[in-house]
Amino acid sequence: MILYKKVFRQFLRRLLRRGELAALTCDNIDFDSNKIYVTQSVCELKDKIFIKSTKTDASNRSMTIPTLMMNILREHQKNFATGEFVFPSSTDKNKAQAPSNICRIYRKILKMAGVKSSLHILRHTNITNLITNGIDIKTVKNRAGHTRIETTMSYTHPPEDLDRKAANIFEKFF
């Protein structure tokens, strides 16, 4: 379970939507190039699970992930993801997990850590962290799977110290 939580947490930090996370298959992982390919999503309607295309064409993307994450993922795949899906249903390793379960598990992890947050807030935080650490907006947009840069920008919440830094730059003109 600890390995599962590590893998789960890491993928969530990589900007996947919950449906994309649930639909991630072992074939979507390229260990040689440290990439994952987001090609589909899981939709849940009245207790039925459907595999569908991603939210937009831009959501259909590849994403490089760190070697450390790939090593954790390799262990996870060896011990848990033995079927088609990376985060499979608990009853069938070849069936997708319901997106609502993704949120439920995430809430359990947060409760154990004593943190109040939500899955979607994590996407906002990740996008903000990437931008404030100098990653260009187009790369962030592509990793987030957004069609428009304006959508990506609406996710950002710059920290107070950047506002102070902007004020200090402006002050140099006086």
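Just so it is clear, none of the values below were taken in a lab; they were calculated from the coordinates. None of these values were measured; they are calculated from a predicted model. Here the Cβ is made from the backbone with ideal geometry for all residues, glycine too, and neighbour counts use every protein chain on show.
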Do any trypsin sites (Lys or Arg not before Pro) in the stretch 68-118 lie in a DSSP loop with no more than 11 other beta carbon atoms within 10 Å, and if so, which?
Lys116
To the nearest 20 debye, the chain has a Cα-centred charge dipole, built from +1 on Lys and Arg Cβ and -1 on Asp and Glu Cβ, of 480
Show which lysines lie in cross-link reach of Lys108 when reach means a straight Cα distance below 19 angstrom and same-chain residues fewer than eight apart are skipped.
Lys5, Lys6, Lys116
Can you show me the helix-derived [θ] at 222 nm for the chain, built from DSSP H runs with n ≥ 4 at -39,500 (n - 2.57) apiece and divided by the number of residues, rounded to the nearest 500.
-15000 deg cm²/dmol
Each label sits 7 Å from Cα toward the beta-carbon; between Asp57 and Arg107 the label points are separated, in nm, by 3.7
